[in-house]
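Peer 1: Before I ask anything, let me first share the structure, which is written out below as structure tokens.
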Amino acid sequence: MTSPKILVMGATGKTGTAVVEQLRERDWPVRAIVHRADARSERLQRLGAEIAVADIFDTEQLSAAMRGTRRAYYCPPFDPFLIQSVAAFAVAAQEAKLESIAGLSQWLASPAHPSLMSRQHWLADRVFSMIPGVAYTIVNPGFFAASYMSLIQFAAQLGTFPLPVDGESRNAPPSNEDIARVAVAALIDPAKHAGKSYRPTGPEMLSVNEMVGILSRVLNRKVRHMKTPMWMFYKAARMADMPPLLLAGFRHYFQDHNRGAFEFGAPTNDVLEVTGRQPETFETIARRYAALPEARQTLGNALRAFAGFMATPFLPGFDPEKFDRKQFHPIPPVPRLALDSERWRREHSRSPSTGQTPARSIDARRSA
């Protein structure tokens, strides 16, 4: 019996690539949506995936790309018009008579969150869940391990970990691969996972200082956390070509990080229960990133990292409030960070593996 073809959107991204790889390892037919043909799409093609070049904001192109597929992985773009993509995808999905969608959401998603991207993630989940006849599964991880690993070059070459969060702020960060494994499980057996929401996490709660300690061991050198001011972070992030919408949200996400929003209800057993595999540890993930060429401790890498670090204060900055105004982003009447929202707490409450209620554990820590 032929397996139904699965459409993967964002196929050259961090989780999208992993979803394609894992599906092809199981010999499932895949059609990968890409923005343009390049070396990344050629690699997916070599894995056996069909390639469809499409504008993810255009219903007609999405409908053409979706034709002949039965299930889909939706990975949202870092774009102020994210909800346009969601609406176009939903219309195309209904026209194509898809049977299921696994959507990458966000742990902070809420209708009143100050980040536009978080509010649109919340709306996306509601839109997809209302498509008649389509089983929808939410995959809503928190702060990815890959986000911390974006600093691996500074850690390896300079012994610094410049991140605008408190050293004792905690998270159980999941790997891209584990996030993809949960999505793949939902795509392979949609009836089992229909209507469910999964939060992939790593296996243990770690403070930023503990993560830095693991990096020190992995890199075989002393690494120190440096709480970076936001103006400096924005300059470095612009140099790394991070999308403006993501930059605009970071000021809120780091506040959520410091206040315990990513600690709330974590770690979960979702990766193990959904995939049958234990989630990857932070050290396992760190060793994979430490093996990358830019993380190898060579003179050339050290000089490049040092030059970039010293040049950062002189680079153009980023004003998130000006960006929001220029883009005419809507603002909630009463913006609320995750833990300040009763609705967010209610929608995200679930007993962690310790058996302790999330709200009680966070409130106790904040009052200590």
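Peer 1: I need the P(r) histogram for the stretch 6-140: all alpha carbon pairs, bin width 10 Å from 0 out to the longest distance, whole percents.
Peer 2: 13, 46, 33, 7, 0
Peer 1: Now for a separate question. Provide the gained length on full extension for the span V91 to R43, in nm with one decimal, where the gain is 0.36 nm per separating residue minus the Cα-Cα distance.
Peer 2: Working: separation 48, 0.36 × 48 = 17.28 nm, distance 2.96 nm.
Length gained between V91 and R43: 14.3 nm.
Peer 1: Order of 189-199, 83-93 by packing, highest average Cβ count within 10 Å first?
Peer 2: In descending order of packing, they fall as 83-93, 189-199.
Peer 1: OK, next. Multiply the residue separation of R36 and R126 by 0.36 nm, subtract the distance between their alpha-carbon atoms, and state the gained length in nm to one decimal.
Peer 2: Residue separation times 0.36 nm, minus the Cα-Cα distance, leaves 29.5 nm.
Peer 1: Non-local amide H neighbours of I51 (under 5 Å, H modeled in plane, Pro and chain starts lacking H): which ones?
Peer 2: Distant-sequence amide H within range of I51: A32.
Peer 1: Right, something else. Name the GluC sites (Glu not before Pro) in the stretch 160-254 that are in a loop by DSSP and that have at most 16 other C-beta atoms within 10 Å, would you?
Peer 2: On the way: sites: E168, E177, E204, E210; in loops: E168, E204.
Taking the stretch 160-254 and a limit of 16 other Cβ atoms within 10 Å, the loop GluC sites (Glu not before Pro) found are E168, E204.
Peer 1: Now for a different question. If the chain between E168 and H329 were fully stretched, how many nm would it gain, using 0.36 nm times the residue separation less the Cα-Cα distance?
Peer 2: That pair, E168 and H329, stretches by 54.7 nm at full extension.
Peer 1: Once the Cα gyration tensor of the stretch 56-205 is diagonalised, what are the square roots of 5 times its eigenvalues, in whole Å and ordered largest first, as equivalent ellipsoid semi-axes?
Peer 2: Largest first, the stretch 56-205 gives 31, 17, 15 Å.
Peer 1: For the stretch 35-110, count the residues as N, evaluate 2.2 N^0.38 Å, and divide the Cα radius of gyration by that value, please.
Peer 2: 1.15
Peer 1: Just grab the label-to-label distance for R221 and L272, each label 7 Å out from Cα along the Cβ direction, in nm (one decimal).
Peer 2: Spacing of the two 7 Å Cα→Cβ label points: 3.6 nm.
Peer 1: While we're looking at this one, here's another question. Hey, rough spin-label estimate for T298 and R350, points 7 angstrom out along Cα→Cβ, what's it come to in nanometres?
Peer 2: Label-label distance for T298 and R350, simple model: 4.4 nm.
Peer 1: Continuing with the same structure: Can you put V182, V218, V8 in order of Cβ neighbours within 10 angstrom, beginning with the fewest?
Peer 2: In order of increasing Cβ crowding within 10 Å: V218, V182, V8.
Peer 1: Here is a further query. Could you line up F57, F328 from fewest to most neighbouring Cβ atoms inside 10 Å?
Peer 2: F328, F57
Peer 1: Next question, about the same structure. Based only on other Cβ atoms within 10 Å, what is the fewest-to-most ordering of R277, R345? Numbers along the way, then the final one.
Peer 2: Values: R277 12, R345 18.
The fewest-first ordering by Cβ neighbours comes to R277, R345.
Peer 1: Further question: Calculate for the chain the 222 nm mean residue ellipticity that helices alone would give, adding -39,500 (n - 2.57) per DSSP H run of length 4 or more and normalising by residue count, nearest 500 deg cm²/dmol. Don't jump to the answer; show the numbers that get you there.
Peer 2: Working: 18 runs with 176 residues, N = 368.
Per the formula, -14000 deg cm²/dmol.
Peer 1: If you look at just the Cα atoms of the chain, how large are its Rg and its Dmax in Å?
Peer 2: Calculated on Cα positions, Rg and Dmax stand at 20.3, 61 Å.
Peer 1: Then there's this: For the stretch 194-215 and the stretch 258-296, what is the centre-to-centre distance using only Cα atoms, to the nearest Å?
Peer 2: Taking the Cα centre of each part, the stretch 194-215 and the stretch 258-296 sit 5 Å apart.
All of the numbers you see were taken from the coordinates with simple rules; none came from a lab. No experiment lies behind these values; they were computed from the predicted model shown. Neighbour counts run over all protein chains shown; Cβ positions are idealised from the backbone, glycine included.
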